[in-house]
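Worksheet: the structure to be examined is printed underneath.
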Amino acid sequence: MKPASIATSPIGPPLQEVPPRASAPEVSFEFFPPKTAKMAASLWDAVQRLEPLGPQFVSVTYGAGGTTRERTHRTVERIQKETHLTPAAHITCVGAARAEVDRVAHDYWELGVRHVVALRGDPPEGSDHYRPHPDGYANAAELVAGLKRIADFEITVAAHPETHPEAASPEADLDNLKRKLDAGASRAITQFFFETDIYFRFVERARAAGIDVPIVPGILPVTNFAKVAKFGAACGATVPDWVDSLFQGLDEDSETRLLVAASLAADQCRRLQVAGVGKFHFYTLNRAELTLAICHILGVRPEADPLKAHALQ
Ligand SMILES: Cc1cc2nc3c(=O)[nH]c(=O)nc-3n(C[C@H](O)[C@H](O)[C@H](O)COP(=O)(O)OP(=O)(O)OC[C@H]3O[C@@H](n4cnc5c(N)ncnc54)[C@H](O)[C@@H]3O)c2cc1C
């Protein structure tokens, strides 16, 4: 049987068109606050291994339902105090009155944290839909406006290339993104996606709607296919059959799975890079190796590396 040609790859155009190395992109990394001492050890290992790549910022998530406020704060604080990284703290609207959310934001500002990722947030596990707190911020746009009233934070928000599942229409969702930017956000990071066309079509629609801030692709290296499929179904991100087939038969073979995941994400990023994308946000899942490998392929090297110095000239 003739193998499928790479030219027909559903990810995008053939890799042969990728030039040897475009200039190194700007990257940012996302971590989640650890629950246990063991998880904390792997987070700090990942932070230390990724720090030399000089990310623009590293962000720390806020658990679904607003469940990790203390842990998120401790993680952000440690990054702020013990590394040279710029932390960005995720803040959500879920399960808290405005006054509580405002206090969290004040505390971050006092700590010297100037960048926040403002989100509506997902409902807690077991609850299938979002209900705003009676005294809370109803959505991310309100939260952005509230945060800007507290201090002049740099604010990043979420964008949904395949439309947020609760939006009335793709147009209404884009209007919502616009409201978040009009309220003071200056960057959007996308929900994960696999097919580069999804990203490009979204950016085209956003630019046509007058949105001119960076729309940074959120890249999710697949470490656990079943989880990604479940998460994709919940957040409206398509997980195509061809991605499923890449991971079939690898449930018990984590080593090969990792190699396939690196190859898939690197391929996706290179295709975005060659089309002119110069910023990437990585959902690291607190692991260094995949993000390191992909960044390396994209030309992002430790600051002292002559390759990076060359690329920055
Ligand atoms: C980069 C990134 C990081 C994330 N980090 C976290 C995290 O740390 N913690 C967490 O819990 N979740 C996180 N999420 C998930 C996010 O909370 C969910 O996707 C959530 O369901 C939507 O968040 P949002 O900020 O986009 O919401 P919003 O922008 O408020 O939009 C939510 C929905 O409401 C609709 N909507 C908003 N305002 C209006 C209005 N006035 N009228 C009509 N419709 C409206 C929108 O169209 C959309 O359908 C993250 C997502 C991304 C992409």
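What pairs come out if I take residues in the stretch 225-237 that are free of Cβ contacts under 8 Å to residues at least 40 places away in the same chain and β-branched (Val, Ile, Thr) and pair them with residues that are assigned to a helix (DSSP H, G or I) and surrounded by 15 or more Cβ atoms within 10 Å (Cβ to Cβ) whose C-beta lies under 9 Å away, six or more apart or interchain?
VAL228/VAL243; VAL228/PHE247
Would you point out which residue out of GLU142, GLU77 is buried (at least 18 other Cβ atoms within 10 Å of the Cβ), more than 23 Å from LEU292 (Cα to Cα) and more than 15 Å from the ligand (Cβ to nearest atom)?
Exactly one of GLU142, GLU77 is buried (at least 18 other Cβ atoms within 10 Å of the Cβ), more than 23 Å from LEU292 (Cα to Cα) and more than 15 Å from the ligand (Cβ to nearest atom), namely GLU77.
Report, ordered by the first and then the second residue, all pairs with beta carbons closer than 8 Å, sequence separation of six or more or different chains, a first member in the stretch 159-170 that is among the polar types (S, T, N, Q), and a second member that is assigned to a helix (DSSP H, G or I).
THR163/PRO170; THR163/ASP173
Considering each of HIS133, HIS164 in turn, give the residue that is assigned to a loop (DSSP other than H, G, I, E, B), touching a Gly at 6+ places or on another chain (Cβ under 7 Å) and within 23 Å of ASP107 (Cα to Cα).
Testing whether each residue is assigned to a loop (DSSP other than H, G, I, E, B), touching a Gly at 6+ places or on another chain (Cβ under 7 Å) and within 23 Å of ASP107 (Cα to Cα) leaves just HIS133.
On the basis of being in contact with a helix residue (DSSP H, G or I) (Cβ under 8 Å, 6 or more places away or on another chain) and assigned to a loop (DSSP other than H, G, I, E, B), does GLY146 make the cut?
In short, no.
So that you can scan it fast, the table gives a plain yes or no per residue for (1) over 16 Å from HIS160 (Cβ atoms); (2) surrounded by 16 or more Cβ atoms within 10 Å (Cβ to Cβ); (3) of a type outside the set (Val, Ile, Thr):
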{"position": "ALA206", "(1), (2), (3)": "no, yes, yes"}
{"position": "ASP212", "(1), (2), (3)": "yes, no, yes"}
{"position": "VAL216", "(1), (2), (3)": "no, yes, no"}
{"position": "PHE225", "(1), (2), (3)": "yes, yes, yes"}
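What are the pairs, 6+ residues apart or on separate chains, where a residue within the stretch 51-63 that is more than 29 Å from PRO123 (Cα to Cα) and of a type in the set (A, V, I, L, M) has its Cβ under 7 Å from a residue that is within 16 Å of the ligand (Cβ to nearest atom) and at pLDDT 95 or above?
Every condition considered, the pairs that remain are LEU53/VAL27.
Give the stretch 90-121 a look and list any residue that's basic (Lys, Arg) and either over 22 Å from GLN80 (Cα atoms) or within 15 Å of the ligand (Cβ to nearest atom) (or both), or say none.
ARG98, ARG120
Hey, can you tell me all the residues within the stretch 26-44 that are in contact (Cβ under 8 Å) with a residue 24 or more places away in the chain, closer than 15 Å to THR68 by Cα and in a helix (DSSP H, G or I)?
MET39
The values are calculated or read from the model by the stated rules, or taken from the named source; none is laboratory data. All values derive from a computational prediction rather than experimental measurement. Cβ atoms come from the backbone with ideal geometry, glycine included; neighbour counts cover every protein chain shown.
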